[in-house]
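The values are calculated or read from the model by the stated rules, or taken from the named source; none is laboratory data. On a predicted model such as this, the values are computed, not experimentally measured, just so you know. A quick note on method: Cβ atoms are made from the backbone with ideal geometry, for glycine too, and the neighbour counts reach across all protein chains shown. Just so you know, the surface numbers come from the protein's heavy atoms only, side chains and all, with ligands and any DNA or RNA stripped out. Shrake-Rupley method; radii C 1.70, N 1.55, O 1.52, S 1.80 Å.
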Amino acid sequence: MKNIDYIIVGCGLASVAFCEQLIANNKSFIVFDDSSQKSSIVAAGLYNPVILKRFSEVWKAKEQLKMALPMYAHIEEKLQIKIDYKLRILRRFTSIQEQNKWFIASDKPSLEAYLSTQLIKNNNAVIDAEFGFGEVLHAGRLDTEVLIKNYKRYLIKRNQLIEAPFNYANIQFETDFIQYENIKAKHVVFAEGFGVKQNPYFKALPLTGSKGEILTIKAPNLKIDYAIKSAVFIIPLGNDLYNVGSTYNNEDKSNTPTESAKAELLLKVRTFIKCDFEIVNHVAGVRPTVIDRRPLVGRHSEFKKIYVLNGLGTRGVMIAPYVAEKLYQHIENNIELDREINSNRFS
């Protein structure tokens with residue numbers, strides 16, 4: 001029989017961030033993961049403090065970045081990998097009116113640190129950007145695939161990863177602990193992404209799920225080292241490779257790439273990229289989105305030793321460290337969760 005502090009179910013961004021909390025506080029744990037959820041692995045990985053459709057601040061952007069960037073830097077050093085790439089993000093303007101809206105937004109106290117007031121003119125012949133660009137500051141790209149693959153290797157070396165499905169029927173609730181097969185744990189945290197819809201304890205939560213698909217293209221003549229946000233994002237990966245994405249589909253809950261999404265992405269990227277390119281990859285995953293666009297964090301209303309850490313939506317890179325710390329403090333120090341992230345707000 002193995003005695004530990006925590007069982008964590010799932011190994012995406014939320015789980016990695018919670019593991020980092022446990023390691024920092026000398027807590028013992030085991031992670032279960034069956035690789036069924038793809039959204040963290042296939043994510044574009046942009047972190048960006050501005051909603052570029054409406055020129056408004058991302059929810060708690062300052063607090064999230066303050067926690068996220070040091071955590072990813074620590075993981076880079078610990079695992080000897082490169083995952084955080086500082087990246088300029090340029091918002092393509094489609095009219096003078098959009099330019100004006102940008103500069104009005106840049107005067108707001110909550111946005112002035114993130115929106116450059118310099119209009120950037122386009123000097124790339126294969127990009128259609130007659131009205132130029134606005135630059136987002138303090139942005140970047142996290143290579144989520146490299147992060148999660150290497151973090152799993154790290155957990156395997158520490159004998160803390162079990163690569164198998166978690167069987168909910170095998171949970172036994174005792175007075176002071178939870179027994180799962182040959183493991184006794186004080187707490188179980190479910191960080192399963194959209195997989196929580198199969199979880200009998202939390203499946204009633206209003207996690208809607210939004211399928212996203214991304215293309216990787218090879219465009220030797222594009223020659224940009226910055227991301228562009230227009231009808232879609234185009235994100236440089238190096239070696240003339242770029243991610244193009246992403247789509248939003250609230251009906252299809254599979255991880256299978258579709259021809260319809262590919263056609264949609266190609267149509268949109270060709271509205272502003274005027275060079276030839278080839279598709280070299282096409283991936284899909286279901287984001288764990290919530291009806292009110294806030295995370296789902298907290299304790300089960302009946303079974304007091306199990307918790308949910310979910311609902312990170314499209315901004316998991318920024319949100320994961322923030323909510324992981326909030327859940328840890330809630331469990332260990334009984335610090336009340338803010339209502340806007342507390343999963344019990346839907347009770």
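Things to note:
- Kirkwood hydrodynamic radius of region 205-308, from inverse mean 1/r over distinct Cα pairs, in Å: 15.6
- Paramagnetic reach from GLU340 in region 78-114 [backbone N under 14 Å; point 7 Å along Cα→Cβ]: 110
- Computed from phi, the 3J(HN,Hα) profile of region 311-325 under the Karplus parametrisation 6.51, -1.76, 1.60 (θ = phi - 60°) reads x, 7, x, 8, 10, x, 4, 7, 6, 3, x, 5, 6, 4, 5 Hz, with x in place of Gly and Pro.
- Projected-area mean, region 287-347, by convex hull of Cα positions, square nanometres: 4.0
- Karplus-derived 3J(HN,Hα), 6.51/-1.76/1.60, for each residue of region 15-24, Hz, glycine and proline x: 5, 4, 5, 6, 4, 5, 4, 5, 4, 5
- R0 of 35 Å, Cβ-Cβ distance LEU267-SER35: FRET efficiency to nearest 0.05: 0.65
- 0 to 90° range, to nearest 10: angle between helix 144-157 axis and the chain longest Cα axis: 30
- For region 195-347, relative contact order (Cα pairs under 8 Å, six or more residues apart, normalised by length) works out to 24 percent.
- Using alpha-carbon coordinates, inclination of helix 61-79 to the longest axis of the chain, degrees: 70
- Ranked by how many other beta carbons lie within 10 Å on average, peptides 190-196, 282-288 from highest: 190-196, 282-288
- With a threshold of 22 Å on the Cα-Cα distance, the over-threshold entries among LYS203/LYS305; LYS229/LYS326; LYS62/LYS326; LYS101/LYS262 are LYS229/LYS326; LYS101/LYS262.
- With 27 Å as the limit, the listed pairs LYS66/LYS223; LYS82/LYS223; LYS82/LYS268; LYS38/LYS274; LYS78/LYS253; LYS223/LYS253 have LYS66/LYS223; LYS82/LYS268; LYS38/LYS274; LYS78/LYS253; LYS223/LYS253 beyond it between alpha carbons.
- For region 84-125, accessible area per residue (1.4 Å probe, heavy atoms of protein chains only), Å²: 61
- Overall form of the chain per C-alpha gyration tensor (a/c, 1.5; a/b vs b/c): prolate
- Inter-label distance, nm, simple model (7 Å from Cα along the C-beta direction), LEU237/LYS253: 2.9
- Ranked by the mean number of other Cβ atoms within 10 Å of their residues, highest first, the peptides 324-330, 95-101, 73-79 fall in the order 324-330, 73-79, 95-101.
- Per residue, the accessible area of region 195-241 comes to 38 Å², computed with a 1.4 Å probe over protein heavy atoms only.
- A straight line joining the Cα centroids of region 232-280 and region 92-163 runs 17 Å.
- Relative contact order (percent, whole number), the chain, Cα cutoff 8 Å, 6+ residue spacing: 23
- For LYS108, the aspartates and glutamates whose Cα comes closer than 13 Å to its Cα, not counting residues fewer than 8 places off in the same chain, are GLU57.
- Nearest 10 degrees, 0 to 90: helix 96-106 Cα axis against the chain principal axis: 50
- Region 85-137 shape via C-alpha gyration tensor axes, a/c threshold 1.5: oblate
- Carbon plus sulfur fraction of accessible area for region 33-160, probe 1.4 Å, in percent: 51
- Choice from SER230, SER260, SER36 showing the highest fluctuation, given a GNM over the chain with Cα pairs closer than 10 Å: SER260
- Rounded accessible area of LEU69 (nearest 10 Å², 1.4 Å probe): 50
- About the Cα centre, charge dipole magnitude for region 17-163 (Lys/Arg +1, Asp/Glu -1 at Cβ), debye: 180
- Cα-projected label distance for GLN80 with PHE177, points at 7 Å along beta-carbon direction, nm: 3.6
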